[in-house]
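Engineer: After the structure tokens below, expect a handful of questions from me.
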Amino acid sequence: MNLMRGYDVCCGLENLAVYVERGEESLLQFEYSPEHVSGPGADQDPSEITYLGCDCMSTSCRPDSCSCLQHHGESYHENLCLRDCEGKETDFSRPVFECNVMCKCSEACKNRVVQRGLEYRLQMFKGGPKGWGLHTLEFIPKGRFVCQYAGEVIGLAEARRRLQSQKPGDMNYLIAVKEHIDGGKMIETFVDPAVVGNVGRFLNHSCQPNLFMVPVRVNSVVPKLALFAGRDILAGEELMYDYSGRYKNVTEKASVQDTTDIDLVERKPCYCGAETCSGFLPFDISVMNSG
């Protein structure tokens, strides 16, 4: 596949360029940021350092001596593939915590994956009813990190306001990530890359995706929304994930689509072409109804 040497949508802010065709002015209508930025109503600044570091002086941390690994467990194999990408499909993922800027281990530590940024050459393309998309120019093994979904971290009220102010035909980039913790409590993170975001904003939805999203914490309690390969991905394949957040390609209908309130929202058609396509893009009606 030929690499179209247009402009770099990442503006040189990533360790690898992601090229697009020349003359596509529509891509310039957002501010590029490789990481989350704080937006209206955010409870926490995503750039704030909130975790203690380990005292490991070796090149890579060991589970028998590293305080990070002892407390949170090992998330990655030696080949940097996510451990939680094996076996039976589930509806949830285990928490992932990486070593951070306060840790004494080296940048080569195997517990530093998402923070390293892009490691595979990706390319923007445009075509068909889905509009812009993202595909890989090289083979990506199952379990490897691909890219983040980064943008403005905002509060619930602001998320609701933005959704309610959208007009028919507007693109909706906002994602609500819900993490269930002990005691029946839930942590919600709202990320909107519409105005400030990274290359992840161009990933399309699929009802049978090849990527899945996992919240990964590094320096801050605000998670990085990391996308990993759910299977081996060949060069030239479009990269897609399930907007509903279903984990590891689980195929049953998401609960968000079972609510009768979904009929109150103008659903957008899905063009993923999968055999199990639901016909419509997922939409979390709870954001509209919360409060």
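Coordinate-derived values only; no laboratory data. None of these values were measured; they are calculated from a predicted model. Ideal geometry is used to build each Cβ from the backbone, glycine not excepted, and the neighbour counts take in all protein chains shown.
Engineer: Given H placed on each backbone N at 1.01 Å, which residues far from Val221 in sequence or on other chains put an amide H within less than 5 Å of it?
Structural biologist: Thr50
Engineer: Using the alpha-carbon centroid of each, what span in Å lies between segment 203-245 and segment 73-147?
Structural biologist: First find each Cα centre; the distance between them is then 8 Å.
Engineer: Could I ask something else about it? Where does the charge balance sit around Thr136 when Lys and Arg score +1, Asp and Glu -1, over other residues with C-beta under 12 Å from its C-beta?
Structural biologist: -3
Engineer: So, one more: Cα gyration tensor of segment 133-181, axes a ≥ b ≥ c as square roots of the eigenvalues: rounded (a/c below 1.5), prolate (a/b > b/c) or oblate?
Structural biologist: Verdict is oblate for segment 133-181.
Engineer: Rounded, prolate or oblate: which fits segment 66-172 when a ≥ b ≥ c are the square roots of the eigenvalues of the alpha-carbon gyration tensor, with rounded for a/c under 1.5 and prolate only if a/b beats b/c?
Structural biologist: Cα axes put segment 66-172 in the prolate bin.
Engineer: Ranked highest first by the average count of other Cβ atoms within 10 Å around their residues, in what order do 227-240, 163-176 fall?
Structural biologist: Most protected by this proxy first, the peptides run 227-240, 163-176.
Engineer: Show me 58-65, 206-213, 276-283, 109-116 ranked by packing, highest mean number of other Cβ atoms within 10 Å first.
Structural biologist: 206-213, 109-116, 276-283, 58-65
Engineer: What does the charge count around Ser206 come to, taking other residues whose C-beta lies under 13 Å from its C-beta (Lys +1, Arg +1, Asp -1, Glu -1)?
Structural biologist: Within the 13 Å Cβ shell, the charges total -1.
Engineer: Give me the net charge for the shell around Glu48: Cβ to Cβ below 14 angstrom, other residues only, Lys and Arg +1, Asp and Glu -1.
Structural biologist: -1
Engineer: A follow-up question, please. Starting from the Cα of Lys130, step 7 Å along the direction of its Cβ; do the same at Gln29; then give the gap between the two resulting points in nm.
Structural biologist: The modelled label-to-label distance comes out at 2.1 nm.
Engineer: Of the cross-linked pairs Lys167/Lys224; Lys142/Lys224; Lys185/Lys268; Lys130/Lys224; Lys130/Lys167, which ones have a Cα-Cα span greater than 22 Å in the structure shown?
Structural biologist: Too far apart for the 22 Å limit: Lys167/Lys224; Lys185/Lys268; Lys130/Lys224.
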